[in-house]
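First the structure, in the form of structure tokens, and then the observations on it.
The values are calculated or read from the model by the stated rules, or taken from the named source; none is laboratory data. It should be emphasised that the depicted structure is a prediction, and the values quoted were computed from it without experimental measurement. Note that each Cβ is placed from the backbone with ideal geometry, even for glycine, and that neighbours are counted across all protein chains shown.
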Amino acid sequence: MTVLLEIDDLRTQFFTSAGTVKAVDGISYTVDEGETVAIVGESGCGKSVSALSVLRLIPEPPGRIVGGSINFSGKNLLELSDNEIRNVRGRDITMVFQEPMTSLNPVLTIERQLTETIMHHLSASLETARGRAVELLELVGISDAEHRLKQYPHHFSGGMRQRVMIAMALSCEPKLIIADEPTTALDVTIQAQILELMKSLTKRLGVALIIITHNLGVVARYADRVNVMYAGKIVESGSAADIYHRARHPYTLGLLQSVPRLDLPRTERLVPIPKQPPDLTRLDDGCAFRPRCRFATERCQTEIPPLELVEEGHHAACWERDAIVEEERMVS
Amino acid sequence: MSAEMVKQETRQRMAQTDTTKPLVEIKNLKKYFPVTEGIVIQKKVADVKAIDDISFKILKGETLGLVGESGCGKTTTGRCILQLERPTSGQIIYDGTDMDTVDRRELNKLRQRIQVIFQDPYSSLNPRMKIGQIISEPMRVHGIEPDPATRNKRVNELLSVCGLSPKMADRYPHEMSGGQRQRIGIARALSLNPEFIVCDEAVSALDVSIQAQVINLLEDLRDEFDLTYLFIAHDLSVVRHLCHRVAVMYLGKLVELAECDELFDNPLNPYTQALLGSVPIPDPEIERQREHRVIQGEVPSPMNPPSGCVFHPRCPKAVDNCKEEIPGLREIKPGHWVACTEV
Ligand SMILES: Nc1ncnc2c1ncn2[C@@H]1O[C@H](COP(=O)(O)OP(=O)(O)O)[C@@H](O)[C@H]1O
Ligand SMILES: Nc1ncnc2c1ncn2[C@@H]1O[C@H](COP(=O)(O)OP(=O)(O)O)[C@@H](O)[C@H]1O
Ligand SMILES: [Mg+2]
Ligand SMILES: [Mg+2]
């Protein structure tokens, strides 16, 4: 597979009165053409900031990308001029957000919003753009497209708006779509519809997808590869099977154990991760997960564990991986 | 504890609860919200049928789950029980007393026994009050523990019961994390020694690791204080974990009600089946093998619900008759109620 996006040691910080927030603290990962990569982790761990950094959409001030590189089809996005990055956005890389209302313009018809993007990025005529807009709505399963195009965002339900957003995201034949919690605000039956739609369309059109979510079920169902984030860092990465069946980071294990599951017999008690996630302005030289970790040793207080190879395609950032393997053996 | 023992524990609990004497009994409850038009002269043009003739019981000591997609009427049901909303018709009988017929003094007494925990801990806590004040406020309002010293002692007790440090009494809500704020909401709900708590999406906004902490806390408190919960949630796996019986709502109607294991192992209403089939399982192997039948369409407007069975336009099993006949809730097996003519 050809690498489409390569993020290397990306660092994004916010300079606030409470201190410097190390929101993204040296993350590296790649996305291959046509592949679905998930980013999971608890709220505040830097998922959205890492995605917004790719498109250089970090509000500046208070934020700034302070280091690293983002290579996308041979260009470092961090070195492009404002004009050049604007041409990447909306065309080669597009985004779908949790709340489509914030990214749709409430006073413009759906047609206007779709055709403007198409005309701008593809230098198409209005007529061509209109034809494409109809096609796109049909593609995302909105019937009566001609009529629906004349309507405004508030005429659409939450699920329908998300379909419109997907149509927009696909409008200029992008190579990569970044979907930030695209179904978090939706009910479970609508979530299933939207995710199936995204999966089948990206597959059919060969578009790569980065899906950001905190829902472990969604990840298991849709992702080829998974990056688990904690406190601004990727702490484990691998195939979905690596993450769900051979986790080598205590945080990943903790996440998996804390959710009740519909497919397994009911248990008496859940196993939560104790305490709270850390304050990102007060990270020290140790592993950020240490205060919540039952495997932590002295070394974890003073040395940040690097993301190390576990086996082909599977990486974890933990000094106590042997202890995890040992525990797994004892249990089985 | 093995899975079989967990099931057995639930069965024992159900056997012990006196089904003839429910704590809460809801009879033919309806709540319609008028939709008006016009600015000077407001004219009613339609009704939002938020709850449309539902009946069920909540037994003493049980946790009854109430699930369904947003807008199906879960919160309105809870608000009616809490007397925050006046039903359009129907009865709510609490411990043998019809809440509509009691005088104010008695209603006030009943209200002390019923508390609520909301989804959004932040918006339900007064930002200008210290945590200690927030927790003691209900005691002050109801004139319980008038002595400030004993009241403070009680606040400290409540904080530690909910896994918080008594030192937090002097801090403000904005200094707390989401999980801590939810614990404060729980401590406040417990301050009047209630016997019944409506948990409306009480853990839905929390991250999974923190959610598990709060779920365990709710379970501990239930055992320690013999609490009865109405547990409103849209997360089916959480409901399965916590509840003894589960009721499923769709568009203002009750479509299925059964003991927890029975409902999840043997769902009979096509809507319940569709809901369960839509939940992705956190295991890639299982997901690969699982058949994905996504149900089409969206929930129709409660202002203009479909004729007959309200689910028929989306139902994979609908027949012609479903467009006409409104299915009533029938007891198919002991304790398993379903509203579907095709079962
Ligand atoms: N505009 C901002 N100003 C200050 N801090 C911010 C800003 N945006 C995000 N952050 C901080 O960056 C961290 C990561 O946030 P985010 O990427 O949104 O998390 P999530 O994983 O929930 O998407 C959080 O601690 C958040 O408070
Ligand atoms: N105060 C109100 N005025 C008008 N409509 C309302 C009001 N409260 C709720 N509704 C409507 O009643 C229906 C049920 O709402 P709700 O009980 O909040 O559902 P749920 O909690 O299941 O999401 C929805 O269609 C909602 O829009
Ligand atoms: Mg986010
Ligand atoms: Mg609600």
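Numbers for the structure displayed
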| read-out | value |
| --- | --- |
| Selected residue (criterion: farthest from the other protein chains (Cβ to nearest Cβ)) from residues of the range B:189-208 that are within 16 Å of ligand 2 (Cβ to nearest atom), crowded, with 23+ Cβ neighbours inside 10 Å and of a type in the set (A, V, I, L, M) | B:V198 |
| Any hit, the range B:47-65, residues being in contact with a Ser or Thr (Cβ under 7 Å, 6 or more places away or on another chain) and either within 14 Å of chain A (Cβ to nearest Cβ) or within 16 Å of ligand 1 (Cβ to nearest atom) (or both) | no |
| Among (1) farther than 27 Å from B:G71 by Cα; (2) at the interface with chain A (Cβ under 9 Å from one of its Cβ atoms); (3) not in a helix (DSSP H, G or I) - the single one B:Q213 does not satisfy | (3) |
| Matching residues in the range A:28-69 - criterion: being within 16 Å of ligand 3 (Cβ to nearest atom), of a type in the set (S, T, N, Q) and closer than 14 Å to A:L5 by Cα | A:S50, A:S53 |
| Listing of helices (runs of 4 or more DSSP H) fully contained in the range B:46-155 that carry 2 or more residues being under 19 Å from B:R183 (Cβ atoms) | B:131-141 |
| Top-ranked residue in the range A:178-209 [being closer than 17 Å to A:V226 by Cβ and away from ligand 3 (no atom under 16 Å from the Cβ); ranked as farthest from the other protein chains (Cβ to nearest Cβ)] | A:A208 |
| Enumeration of residues in the range A:277-292 that are within 12 Å of another protein chain (Cβ to nearest Cβ) and more than 16 Å from ligand 3 (Cβ to nearest atom) | A:P278, A:D279, A:F289, A:R292 |
| Test: residue in the range A:85-98 that is in contact (Cβ under 8 Å) with a residue 60 or more places away in the chain, closer than 21 Å to A:T184 by Cα, crowded, with 17+ Cβ neighbours inside 10 Å and away from ligand 1 (no atom under 16 Å from the Cβ) | yes |
| Residue under evaluation B:H244, criteria (1) closer than 30 Å to B:F33 by Cα; (2) touching an Asp or Glu at 6+ places or on another chain (Cβ under 9 Å); (3) in contact (Cβ under 8 Å) with a residue 40 or more places away in the chain; (4) within 14 Å of another protein chain (Cβ to nearest Cβ), criterion not met | (1) |
| The range A:149-163, subset assigned to a helix (DSSP H, G or I) and within 14 Å of another protein chain (Cβ to nearest Cβ), residue farthest from B:Q296 (Cα to Cα) | A:H155 |
| Residue count, the range B:44-77 (criterion: in contact with a helix residue (DSSP H, G or I) (Cβ under 8 Å, 6 or more places away or on another chain) and within 15 Å of ligand 2 (Cβ to nearest atom)) | 8 |
| Count - residues of the range B:195-215 that are without any contact (Cβ under 8 Å) to a residue 24 or more places away in the chain and either acidic (D, E) or more than 16 Å from ligand 3 (Cβ to nearest atom) (or both) | 2 |
| Residue under evaluation A:A247, criteria (1) surrounded by fewer than 20 Cβ atoms within 10 Å (Cβ to Cβ); (2) aliphatic (A, V, I, L, M); (3) within 14 Å of chain B (Cβ to nearest Cβ); (4) within 26 Å of the chain's Cα centre (by Cα), criterion not met | (1) |
| Which numbered condition A:L201 misses (of (1) surrounded by 22 or more Cβ atoms within 10 Å (Cβ to Cβ); (2) part of a helix (DSSP H, G or I); (3) touching a residue at least 60 places away in the same chain (Cβ under 8 Å)) | (1) |
| Selection from the range B:31-64 of residues that are more than 17 Å from B:A339 (Cα to Cα), touching a residue at least 60 places away in the same chain (Cβ under 8 Å) and surrounded by 17 or more Cβ atoms within 10 Å (Cβ to Cβ) | B:D47, B:V48, B:K49, B:A50, B:I58, B:L59, B:K60, B:G61, B:E62, B:T63, B:L64 |
| Every pair of residues 6+ apart whose Cβ atoms lie under 8 Å, when the first sits in the range A:261-276 and is within 7 Å of another protein chain (Cβ to nearest Cβ) while the second is in a loop (DSSP other than H, G, I, E, B) and among the charged types (D, E, K, R) | A:R261/B:D283; A:D263/B:D283 |
| Qualifying residue in the range A:155-165 (condition: away from ligand 2 (no atom under 16 Å from the Cβ), within 26 Å of the chain's Cα centre (by Cα) and of a type in the set (K, R)) | yes |
| Residue in the range B:154-162 that is within 13 Å of the chain's Cα centre (by Cα), away from chain A (no Cβ under 12 Å) and surrounded by 22 or more Cβ atoms within 10 Å (Cβ to Cβ) present | no |
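Conditions tested, residue by residue: (1) within 29 Å of B:Q273 (Cβ to Cβ); (2) in contact with a His (Cβ under 7 Å, 6 or more places away or on another chain); (3) among the hydroxyl-bearing types (S, T, Y); (4) at pLDDT 95 or above.
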{"site": "A:F156", "(1), (2), (3), (4)": "yes, no, no, no"}
{"site": "A:G159", "(1), (2), (3), (4)": "yes, no, no, no"}
{"site": "A:I194", "(1), (2), (3), (4)": "yes, no, no, no"}
{"site": "A:R221", "(1), (2), (3), (4)": "yes, no, no, no"}
{"site": "A:R225", "(1), (2), (3), (4)": "no, no, no, yes"}
{"site": "A:G232", "(1), (2), (3), (4)": "no, no, no, yes"}
{"site": "A:G238", "(1), (2), (3), (4)": "no, yes, no, yes"}
{"site": "A:Y244", "(1), (2), (3), (4)": "yes, no, yes, yes"}
{"site": "A:Y251", "(1), (2), (3), (4)": "no, no, yes, yes"}
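To keep it simple, each residue is scored yes or no on (1) closer than 18 Å to A:H315 by Cα; (2) assigned by TED's automatic domain parsing to the domain that holds A:P305; (3) buried (at least 17 other Cβ atoms within 10 Å of the Cβ); (4) modelled with pLDDT of 95 or more.
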{"position": "A:I7", "(1), (2), (3), (4)": "yes, yes, yes, yes"}
{"position": "A:F15", "(1), (2), (3), (4)": "no, yes, no, yes"}
{"position": "A:D25", "(1), (2), (3), (4)": "yes, yes, yes, yes"}
{"position": "A:A38", "(1), (2), (3), (4)": "yes, yes, yes, yes"}
{"position": "A:G44", "(1), (2), (3), (4)": "no, yes, yes, no"}
{"position": "A:V49", "(1), (2), (3), (4)": "no, yes, yes, yes"}
